[in-house]
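These notes are about the structure you will find just below.
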Amino acid sequence: MYEAGVIENIGRVDNGNTMTDKMELEKKRGISIQSTPISFNYRDLKINLIDTPGHVEFVAEVERAMSILDGAILVVSAKEGVQSHTALLFESLKKLGKPIIIFVNKLDRVGVDTRLVIENIKKELCTNIIELHDVTIKEKNIEIGKLYQSENMLEELAYYDDELFERYICDEKISTENQVEILKKMVEDKEIYPVCYGSALNHLGIQELLSAISSLLPSKELNPNGEPTGVVFKITRDYHNRRQIYLRLYSGVLVSRGMIKDEKISFIFQMKNGQLEYSKTAVGNDIVVITGPDKLFVGDVIGVPTDYKKISLGTPTFRTKISSENKRELAGIIDILAEADPFLEYEIDPHSKDLYLNLFGEIQMEIIDEMIRHKYGVKVEFSDPMTIFKEMPVGIGESAMYMYRDSPFAATVGLRIEPHDITVIESEVATGHLPKTFQNGIRDGIERSLREGLKGWEVINAKVVITVGEFDSVSSTPSDYRDLTPMVFMEALDKSKTKLLWPVNKFYIRVDKKLVGKILSDLMKMKASEIVSIEENDKFILSGKLPVETSYSYEKRFISITSGMGIFSSVFHNYEEAPEEIYRERKRNELDPLNKGRYLLNKLRTC
């Protein structure tokens with residue numbers, strides 16, 4: 001933004017004076033917590049930049065931004081190299097089909113060797129990279145070469161393009177413009193990933209990076225054609241507590257005082273050179289902010305945008321009870337926070353009214369604590385975090401209940417539950433035999449039942465099949481099927497039985513050789529698996545899998561052991577079967593349908 005002339009001074013996250021880290025907590029902690037969209041013009045090109053958090057616990061912010069990008073800048077530290085979270089982001093961007101420029105930052109750090117960084121990128125990310133310029137580091141002096149003038153660029157580019165290779169070996173003169181044209185197509189086709197070098201702190205390599213963005217990443221023309229299509233990726237509230245809805249608009253036109261999803265748009269704001277400016281209209285292929293609608297939420301899709309794909313980068317693995325003197329006030333605050341962050345899952349105990357949060361980790365919990373204290377003046381307390389387990393069917397279980405014979409509901413439902421790779425709901429009952437509206441009632445009941453299994457945890461990796469369905473043409477209603485299904489489901493699940501699954505992270509450790517014995521001992525105690533160790537000069541690199549349950553607070557111990565000189569990072573991998581000696585049961589929020597008498601009494605009273 002400084003290079004583009006939007007700001008007069010370069011800010012630093014550590015000093016709390018950056019344009020994109022505006023929250024007081026971001027300034028205080030020196031980290032990005034929320035993704036922040038901002039725009040600027042560079043060489044007659046409008047660039048919408050979304051600055052995302054780097055810490056793994058705020059991966060939900062990254063996930064929402066990643067899906068709406070045209071291209072990405074993936075930042076790699078020249079000192080620490082590629083970490084596990086960086087590798088996750090790279091693979092996710094590839095799956096989404098996003099062109100990527102890799103920016104190797106922090107060349108000013110002591111001991112940086114660009115050759116080692118390139119080897120690390122090729123090993124951990126991909127081999128099809130190309131350096132766009134040379135860099136020379138002599139003690140404290142760093143020289144950045146001109147863009148597209150890398151000593152080996154033409155030779156490396158020819159390796160990936162047959163026609164160019166023929167011209168290259170024939171010593172044909174190939175202009176820089178021609179090389180850039182070929183490179184741009186290969187970047188857009190995701191055949192190659194260009195690398196730029198620099199030091200953001202010292203303002204080195206930034207002009208080269210901006211030039212690479214403008215010349216290599218795909219730019220989209222404004223698209224006013226067709227019905228409006230877009231995605232809501234962020235919601236904030238202004239000083240008057242009014243909702244500000246950030247929308248990536250792909251096509252069509254929005255008009256102030258017009259309608260969107262049957263709600264009226266009050267105002268439209270365009271992002272221009274670091275500011276929000278009022279506008280009467282918004283046109284496709286831009287990012288805009290609208291006010292007015294109350295029923296639009298993060299993740300909502302308008303129309304059918306052709307360039308939009310969703311991806312999941314992780315899942316909350318911790319559960320904690322949050323409490324304050326006024327439970328109702330706290331519930332309202334959490335509801336507002338969850339509006340901006342759909343990953344902030346929460347549940348309210350129907351009996352005690354206690355509130356529980358599902359979180360990614362300790363730092364996120366601390367941020368929520370500080371946010372509620374500073375913004376709302378409410379003091380809260382958290383219980384010790386508890387790992388979120390899951391349940392999975394062990395065998396095949398079947399059950400059926402018939403109307404007026406097994407229950408008072410005007411419905412007949414039969415289900416079969418069995419293990420599966422993912423959770424799916426299928427039906428063997430034709431809609432001609434049981435109308436779709438009643439089958440939807442069964443599906444609603446199944447989805448609700450999957451939230452709490454035999455041990456109180458969410459049931460995953462289950463195939464649930466509707467095997468029997470009958471109705472009374474006079475008396476049956478969809479609610480009869482919704483209310484009966486949990487009893488059938490739990491009975492079938494009880495016959496199947498379930499096993500516990502626990503969350504597992506992939507970890508990456510880089511540590512001095514002299515400490516590797518102590519680190520390996522810790523890993524063994526934490527039940528690490530699939531450990532791979534590589535010796536690299538005077539360092540050891542360790543990677544593998546770690547259960548979240550046993551490694552929750554390990555980062556603090558690791559910092560202590562290595563005096564802050566080692567590298568430890570971990571990222572969510574998946575849920576795996578927990579050892580037999582590990583047993584965790586969770587208190588149910590809803591009545592247990594296996595207790596049929598109490599369940600029926602409650603349902604009949606409700607009716």
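The values are calculated or read from the model by the stated rules, or taken from the named source; none is laboratory data. These numbers were taken from a predicted model, which means no experiment stands behind them. Backbone-built Cβ (ideal geometry, glycine too); neighbour counts: all protein chains shown. These accessible areas exclude ligands, DNA and RNA; they are computed on the full protein's heavy atoms, side chains included. Shrake-Rupley method; radii C 1.70, N 1.55, O 1.52, S 1.80 Å.
Brief remarks follow.
- Segment 254-274, subset open to solvent by 60 Å² or more (accessible area, probe 1.4 Å) and assigned to a strand (DSSP E or B), residue farthest from residue 291 (Cα to Cα): 272
- With a requirement of 2 or more residues that are within 17 Å of the chain's Cα centre (by Cα), without any contact (Cβ under 8 Å) to a residue 40 or more places away in the chain and closer than 30 Å to residue 344 by Cβ, the helices (runs of 4 or more DSSP H) lying completely within segment 57-137 that satisfy it span 84-95.
- Scope segment 162-205; condition farther than 29 Å from residue 137 by Cβ, of a type in the set (Lys, Arg) and surrounded by 14 or more Cβ atoms within 10 Å (Cβ to Cβ); matching residues: 167, 190
- Given (1) out of contact with any Gly (no Cβ under 7 Å at 6 or more places or on another chain); (2) part of a loop (DSSP other than H, G, I, E, B); (3) open to solvent by less than 60 Å² (accessible area, probe 1.4 Å), index of the condition residue 218 fails: (1)
- The residue list 179, 149 contains one member that is outside any strand (DSSP E or B) and modelled with pLDDT of 90 or more, which is 179.
- Whether a residue is buried (at least 19 other Cβ atoms within 10 Å of the Cβ) and under 25 Å from residue 244 (Cβ atoms) was assessed, and residue 357 passes this test.
- Check on residue 543, open to solvent by 20 Å² or more (accessible area, probe 1.4 Å), touching a residue at least 40 places away in the same chain (Cβ under 8 Å), part of a strand (DSSP E or B) and hydroxyl-bearing (Ser, Thr, Tyr): yes
- Checked against (1) part of a helix (DSSP H, G or I); (2) surrounded by 14 or more Cβ atoms within 10 Å (Cβ to Cβ); (3) of a type outside the set (Val, Ile, Thr), residue 514 passes all but condition (2).
- Test result for residue 376, surrounded by 13 or more Cβ atoms within 10 Å (Cβ to Cβ), of a type in the set (Phe, Trp, Tyr) and either in contact with a Cys (Cβ under 6 Å, 6 or more places away or on another chain) or under 30 Å from residue 422 (Cβ atoms) (or both): no
- Test: residue in segment 292-303 that is out of contact with any Lys or Arg (no Cβ under 8 Å at 6 or more places or on another chain), under 29 Å from residue 70 (Cα atoms) and either at pLDDT 90 or above or open to solvent by less than 30 Å² (accessible area, probe 1.4 Å) (or both): yes
- Counted residues, segment 464-478 - those being open to solvent by 20 Å² or more (accessible area, probe 1.4 Å), touching a residue at least 60 places away in the same chain (Cβ under 8 Å) and not hydrophobic (A, V, I, L, M, F, W, C): 5
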